[in-house]
Amino acid sequence: MYNDLKEIARVVSPKKLANAFRIYQSYYQSRISGIPHIKGMPFSISVEPTTSCNLRCPECPSGLRSFSRPTGMLTLATYQNIIDQLQDYLIYLILYFQGEPYLNRSLFDFIRYASERKIYTAISTNAHYLTEQNAIKTVQSGLSRMIISIDGTTQETYQNYRVGGKLHKVLSGTENIIKAKKELGSSTPHTIFQFLVVRPNEHQVEEVKQLAKQYGVDDVVFKSAQVYDYEHGNPLIPLNEHFSRYKKQADGTYAIKNKLLNHCWKMWHSCVFTWDGKVVPCCFDKDATHTMGSIENTAFKEIWHSPAYNHFRTSILKGRNQIDICTNCTEGTQVWL
């Protein structure tokens, strides 16, 4: 954890802190007034390397091959355009939205370009492509954080959700990244086992902690699962309600725990870029149905402060439960232990 904090400190500057303070201030001003005020630029963004994926996870549009938007790969030119416009403000960059990042051959260039500009970089991967060579390239690129999805401690359990996946590849990839860090004398990336808790694997919560210690992983987080059809129950909803985003009601149906209050921090401090340069408000907009503009033909600052974006923020402040992507939003109810 100490090394991770050092990495965060490395990328923070007085200008970035001042921008973050302006965003924080304008967010609370907007909540009080009911009128959106934006006095800064986002300090955290997600950029999508690709919508392609090698697995078929049942609650993921990439896995289900169910996107209504095109599948494709982020180009280096589009990515550099994003970073060039936001580098003075960005503290945290997530190179992930949908898909498996390592399928984009420019991934190491993406990481390096941001790291050299003092931006904390993170990726989330299923680790199937973490060969020895790719692990070395990852460490050399300057990646700050690697989240490895490991949703089971046995193949039988793992494949219940990670359909088409092989647990031995995840563990081999983990070994490779830890080995590469040691060989190169690097404290980064900070490695995390992310365990998506669903009914088939909830009995292995303690086991994955031991597995992380065995492989030398820095941290373990447990994340609750988003389920699309939850009202009448779902075989993926954990029996232990602590790990569930949904609560069983007296009539036997399920309801989301989130009260959907009329505000959302994400609308002020972050946004998501799809592989083709579109700007969408958050990671719950899987199909980019609420596109605010495109970095390919409009300056980001213009998009961020546009009437369309402020209209969407106004809708959040007036009636969040009326917005389609918000109805299954579990921001603030996810389990991170």
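The values are calculated or read from the model by the stated rules, or taken from the named source; none is laboratory data. These numbers were taken from a predicted model, which means no experiment stands behind them. Using ideal geometry, Cβ is built from the backbone for each residue, glycine included, and neighbour counts are taken over all protein chains shown. Heavy atoms of the whole protein, side chains included, go into the accessibility calculation; ligands, DNA and RNA do not. Shrake-Rupley method; radii C 1.70, N 1.55, O 1.52, S 1.80 Å.
Computed quantities for the displayed model
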read-out: Residues located in region 277-296, provided they are out of contact with any Pro (no Cβ under 8 Å at 6 or more places or on another chain) and either assigned to a loop (DSSP other than H, G, I, E, B) or hydroxyl-bearing (Ser, Thr, Tyr) (or both); value: Gly277, Pro281, Cys282, Cys283, Phe284, Asp285, Ala288, Thr289, Thr291, Ser294, Ile295, Glu296
read-out: Residue in region 198-219 that is of a type outside the set (Val, Ile, Thr), under 30 Å from Ile38 (Cβ atoms) and either without any contact (Cβ under 8 Å) to a residue 60 or more places away in the chain or open to solvent by less than 40 Å² (accessible area, probe 1.4 Å) (or both) present; value: no
read-out: Lys179 basic (Lys, Arg), over 22 Å from the mean Cα position of the chain (by Cα) and either surrounded by fewer than 19 Cβ atoms within 10 Å (Cβ to Cβ) or within 27 Å of Ile325 (Cβ to Cβ) (or both); value: yes
read-out: Selection count where residues are among the aliphatic types (A, V, I, L, M) and open to solvent by 30 Å² or more (accessible area, probe 1.4 Å), scope region 11-37; value: 5
read-out: Condition check for Leu90: open to solvent by less than 50 Å² (accessible area, probe 1.4 Å) and under 25 Å from Lys6 (Cα atoms); value: yes
read-out: Residues satisfying the stated conditions in region 129-162, i.e. open to solvent by 10 Å² or more (accessible area, probe 1.4 Å), modelled with pLDDT of 95 or more and part of a loop (DSSP other than H, G, I, E, B); value: Tyr129, Thr131, Gly142, Thr153, Thr154
read-out: Search result, residues across region 66-90 that are part of a loop (DSSP other than H, G, I, E, B), farther than 16 Å from Asn19 by Cβ and not small (Gly, Ala, Ser); value: Phe67, Arg69, Pro70, Thr71, Leu74, Thr75
read-out: Selection count, region 48-93, where residues are of a type in the set (A, V, I, L, M, F, W, C) and either over 19 Å from the mean Cα position of the chain (by Cα) or farther than 30 Å from Pro235 by Cα (or both); value: 10
read-out: Selection count, region 113-128, where residues are over 18 Å from Lys6 (Cα atoms) and assigned to a helix (DSSP H, G or I); value: 1
read-out: Failed item, numbered, when Tyr2 is tested on (1) at positive phi; (2) out of contact with any helix residue (DSSP H, G or I) (no Cβ under 9 Å at 6 or more places or on another chain); value: (1)
